[in-house]
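*Asks:* Sharing a structure, written as structure tokens. Questions coming.
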Amino acid sequence: MASTQAAAATEQAPTKNPTLLAWVAKMAAMTQPDRIVWCDGSEAEKQRLTEQAVKDGTLIPLNPQKRPGCYLHRSNPNDVARVEHLTFICTPNKTDAGPTNNWMEPEAAYTKLSQLFEGCMKGRTMYVVPYAMGPLGGASTKIGVELTDSDYVVLNMRIMTRMGKAALDMLGDSDDFNRGLHSTGDVNPDRRYICHFPQDNTIWSFGSGYGGNVLLGKKCLALRIGSYLGREEGWLAEHMLILGVTSPKGETTYIAAAFPSACGKTNFAMMIPPKEYAGWKIETVGDDIAWMRPGPDGRLYAINPEAGYFGVVPGTNYKTNPNAMETISKDTLFTNVALTPDGDVWWEGKDGEVPEELIDWQGKPWKKGSTEKAAHPNSRFTAPMSNNPVLSGKANDPQGVPISAIIFGGRRSNTVPLVLQAFNWTHGVFLGATMGSETTAAATGKVGVVRRDPMAMLPFCGYHMGDYLQHWLDMQKSIPQLPKIFQVNWFRQDKNGKFIWPGFGENMRVLEWIVNRVQGRVPTQETLLGWVPRQDQGLNLNGLDLPAEAIQEATSIKEDEWKTELKSQEVFFEQLGTKAPEALMLQRKLLIARLDG
Ligand code: GTP
Ligand code: MN
Ligand code: MN
């Protein structure tokens, strides 16, 4: 049986790549699917898979008058977010994975997961999904192949990556591709593993159907394996949006920004500036991941490896993010939102009246006023980036865009001021390394506790965090024209727990200051934390309906809060042990000296 499967895999394959064929045959022999389907990425294939997914209940068609080409998917209620405690980095030595990752010895992990994968696709179809991360033909672009038994995964990968024949053509006969194996299994959290084998460029994911765990190109390849490859090859794989901001004079500045999950990347990347900014334009290159490497002109160039957006739905509306609303108006897959009686989707924070009755994300009747949320807080949309009205013309450019500024930001109800600029690269790396953020629904676990999240990469770094920070420090030697580094916080709260800064489009005011600093146009004021906007010639607050005291509070630096903060940072650095980079320890000492001085 198994050998017949293996033979079949080779016979129908639209490739002669010997390494790929041998691997597919081996995985098929283990998982024993009834059928093997090589995905070509065509429109006909999409239709066929969609029809099948509707028939088997995986997708619910939405009202084509309201949302043409859109579908709703309900995941298992025990499977709604990334599972960090079940995510493993499998390196020969535990120290290579570092103290912030779960670790398994590679052979032990292969053995353990083989038992789960053994025969798991009996009666099912194995899809072979070749895909490219990055524009086709680009020097930074990487090829992956995901084997999966989920049609939902195939349809999502089709939106999120350049999937199918083109990717297979780009691979040719090379053996340089990521080997991804996924089975939804029985969706039992006790039998769920997301394992990364950086040395083998391999990912095995079992027992989940949730995006971040199963769309293997995204967090698994583009960040965990990507960061490992980046260190070996001298580039950076980061949890960052990329945007272009063009001034009325036509000058475009490209910026990358790292915020933790559910902390505003997609919103910032698609922002519409307030009316005071007529003539300014924001364009999206990417909303979640940036691959950055030094370019021939000495600047740092970034590409977005993805082709779609897997975005947080709740809170999205025409006031906060009109471009996202347009993006998800057609050809979008919704996961775990609520269904309206007329076949549209609904979520908390959508425009308009709350409907009287809905079907909630678990498929149960829901009535207005219910204490339960109708949409899951981590419900998501999967939409092609080509739907985005402000997609940058550079999003498909294999060269990428030159980055002038890097922003680090977390969700902090206190302590961190609205914006500051690092004194230099090393200090900027310190700001990134000491990022903290209050946890959100994007990962399972308690929501609202501050955890250290260096560069928003804590859940996504594929190797030792200390080595990662050292890699960031080392990169300055290969980038003659270093981007300037900034820190922001949109989430400071007042005594009543209300956000002080209005955020969203109004973040343009902070962005303009950053652009002005990068272009060397505005003076600044030094503080113990970094450079901040001056009272005069600082932030443009024209037309902003916010009392002076609120601005004062959002930008304030309180020494007592910083003493607490330093203690929490110390715990994190201690965790890194001898791998805590010396340069960052010195930055820490300097900050303590400034605070005590
Ligand atoms: P991932 O896709 O999980 O990596 O998250 P993300 O960083 O793209 O977060 P996203 O832009 O989807 O925002 C997540 C949540 O933050 C949503 O509920 C937004 O409404 C909220 N948010 C985004 N920007 C702002 C802002 O400027 N101010 C405030 N108060 N909330 C914001
Ligand atoms: Mn993300
Ligand atoms: Mn996002």
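*Asks:* Return a yes/no flag: does the stretch 419-433 have any residue that is within 15 Å of ligand 1 (Cβ to nearest atom) and either in a loop (DSSP other than H, G, I, E, B) or assigned by the TED database to the domain that holds Arg517 (or both).
*Replies:* yes
*Asks:* Here's something else I'd like to know. Which one of the conditions (1) buried (at least 22 other Cβ atoms within 10 Å of the Cβ); (2) modelled with pLDDT of 95 or more; (3) more than 30 Å from Ser478 (Cβ to Cβ); (4) of a type outside the set (A, V, I, L, M, F, W, C) does Tyr318 fail to meet, given that it meets all the rest?
*Replies:* Every listed condition holds for Tyr318 apart from (1).
*Asks:* To continue, here is another question. Which condition does Val313 not pass, out of (1) buried (at least 24 other Cβ atoms within 10 Å of the Cβ); (2) within 11 Å of ligand 1 (Cβ to nearest atom); (3) not polar (S, T, N, Q); (4) not assigned by the TED database to the domain that holds Trp346, if it passes all the others?
*Replies:* (4)
*Asks:* Now for a different question. Would you mind stating whether Ser227 is surrounded by 23 or more Cβ atoms within 10 Å (Cβ to Cβ), in a loop (DSSP other than H, G, I, E, B) and either of a type outside the set (Lys, Arg) or within 16 Å of ligand 2 (Cβ to nearest atom) (or both)?
*Replies:* So Ser227 does not fit the description; no.
*Asks:* A further question on this structure: Scan (1) surrounded by fewer than 22 Cβ atoms within 10 Å (Cβ to Cβ); (2) more than 30 Å from Thr340 (Cα to Cα) for the single condition Asp79 breaks and write down its number.
*Replies:* Evaluating Asp79 over (1) surrounded by fewer than 22 Cβ atoms within 10 Å (Cβ to Cβ); (2) more than 30 Å from Thr340 (Cα to Cα) leaves (2) as the failure.
*Asks:* From Gly137, Gly123, which residue is of a type outside the set (A, V, I, L, M, F, W, C), farther than 21 Å from Leu20 by Cβ and surrounded by fewer than 21 Cβ atoms within 10 Å (Cβ to Cβ)?
*Replies:* Gly123
*Asks:* Restricting to strands (runs of 3 or more DSSP E) lying wholly in the stretch 35-141: which have 1 or more residues that are within 24 Å of Pro14 (Cα to Cα)?
*Replies:* Counting at least 1 such residues, we get 35-38, 125-133.
*Asks:* Still on this structure, please answer the following. State whether the residues of the stretch 384-402 include one that is within 16 Å of ligand 1 (Cβ to nearest atom), part of a loop (DSSP other than H, G, I, E, B) and on the phi < 0 side of the Ramachandran plot.
*Replies:* yes
*Asks:* Which of the residues belonging to the stretch 10-49 are touching a Leu at 6+ places or on another chain (Cβ under 9 Å) and without any contact (Cβ under 8 Å) to a residue 24 or more places away in the chain?
*Replies:* Hit for the stretch 10-49 is Thr10, nothing else.
*Asks:* Return yes when Ile203 is hydrophobic (A, V, I, L, M, F, W, C) and within 16 Å of ligand 1 (Cβ to nearest atom) and no when it is not.
*Replies:* no
*Asks:* Restricting attention to the stretch 9-34, report how many residues are assigned to a helix (DSSP H, G or I) and either among the hydrophobic types (A, V, I, L, M, F, W, C) or farther than 13 Å from Val145 by Cα (or both).
*Replies:* Summing the residues that are assigned to a helix (DSSP H, G or I) and either among the hydrophobic types (A, V, I, L, M, F, W, C) or farther than 13 Å from Val145 by Cα (or both) in the stretch 9-34 gives 16.
The values are calculated or read from the model by the stated rules, or taken from the named source; none is laboratory data. From a predicted model like this one, the values you see are computed outputs, not experimental measurements. Note: ideal-geometry Cβ built from the backbone for every residue, glycine included; neighbour counts use all protein chains shown.
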